[in-house]
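Beneath this line is the structure, given in structure tokens, with notes to follow.
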Amino acid sequence: MTDELLNAFTLDVEDWYHVCAVDQWLPRSEWDSYEHRVNRNTDRVLGLLDRFRVRATVFVLGYVAERDPELVRRIHAAGHEVATHGYEHRRVIEMTPEEFRADLRRSVDVLSGLTGEPVTAYRAPEWSILPRTRWALDVLASEGFEVDSSTMPLTGYGHRAIPPRPHVVDTPHGSIVEFPATTMRCLWENLPFTGGLPLRLAPYWYVDAGIRTLNRRGVPALVYTHPWEFDPDPPRPPLPLSRRFLHDFLVRTTPAKIEALLGRFRFGTLRETLGLPARARSVVGAGGGR
């Protein structure tokens, strides 16, 4: 392991059927009937983090937390930062501010009730806080959130004008720290490479070199992954080709790349990476809502 900058490791805890924009094929009304695989797949990632003594920020979907509270308690007991991925895995672009606030509060009530701690970090499904949904940061700040990690400095998924490193965003309700997806500049565009499909497409040497380059510049990287990327025999739902490509292509390469990164770089939670004050940890399961 190097003596380089502390980077952030994050995990989005969602199950194999939590795919955006595919309600026609995986309807929300049928979620409860699908096989629940997120528990054992999350444990695979937690075991890997434990082996490398890494504490991560874990963005848990409220639906998963409500269905499997013991999973959240295990994540918390292992010393990871429990954050929210929303409740129903809806993209911010699909919600009104009122719907977003309700979804956010519902997830927070479940998570804080299980950990006895406030939830202060959020990640939107599919990096869906865009310039036109900038109001979501105002809502987050008004709800007491300190950190957001929902923006992509990339045309299409976000906007290349978004600062490609952690930065403070001022809102009418106070400031919030934004930790965007990590990208590297390539000609006129910022290209992601540290999680999801971009990590799977990139050769490991490119990812390694990219993070080292950023760290030498004093910029921490943000690595992210999902439990379903660690499933040795994942379900293959009948999705449209574009969604199948985003969700499944080269998925078997993820565990080895994540393991190599954990052994090569220093990682911590978002709070640790950003230098935010640590919160005193409470007894698991104590306390109620927000």
Here the range 1-94 gives, from Cα atoms, an Rg and Dmax in Å of 14.8, 49
Extension length gain for ALA21 and ALA78 (0.36 nm per residue less Cα distance), in nm, is 17.2 nm
Looks like the range 64-156, by Cα gyration tensor root eigenvalues a ≥ b ≥ c and the a/c under 1.5 rounded cutoff (else prolate when a/b is bigger than b/c, oblate otherwise), is prolate
Expected sort for ASP12, ASP248 with the fewest Cβ neighbours (10 Å cutoff) up front is ASP248, ASP12
PRE zone check, label point 7 Å out along Cα-to-Cβ of GLU99, amide N under 11 Å, scope the range 234-270, hits none
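Could you give the length gained by full extension between TRP135 and GLU70, i.e. 0.36 nm per residue of separation minus their alpha carbon distance, to one decimal place?
Details: separation 65, 0.36 × 65 = 23.40 nm, distance 3.35 nm.
Additional length available on full extension: 20.1 nm.
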Between the alpha carbon centres of the range 211-258 and the range 1-67 the gap in Å comes to 12 Å
Which of (i) 64, 36, 35; (ii) 44, 43, 40; (iii) 55, 40, 33 is the computed Cα extents along the principal axes in Å? It is (ii)
antiparallel share of DSSP beta bridges within the range 6-274, to nearest 5, in %, is 30 percent
For the range 22-39, in residue order, the Karplus 3J(HN,Hα) values (coefficients 6.51, -1.76, 1.60; θ = phi - 60°; whole Hz; Gly and Pro = x) are 10, 4, 5, 9, 10, x, 4, 5, 10, 3, 5, 8, 7, 5, 8, 10, 5, 4
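Since every read-out is calculated from the coordinates, none of them should be taken as a lab result. Everything numeric here is computed off the predicted structure, so don't read it as measured data. Methodologically, a virtual Cβ is constructed for each residue, glycine included, from the backbone with ideal geometry; neighbour enumeration extends over all protein chains shown.
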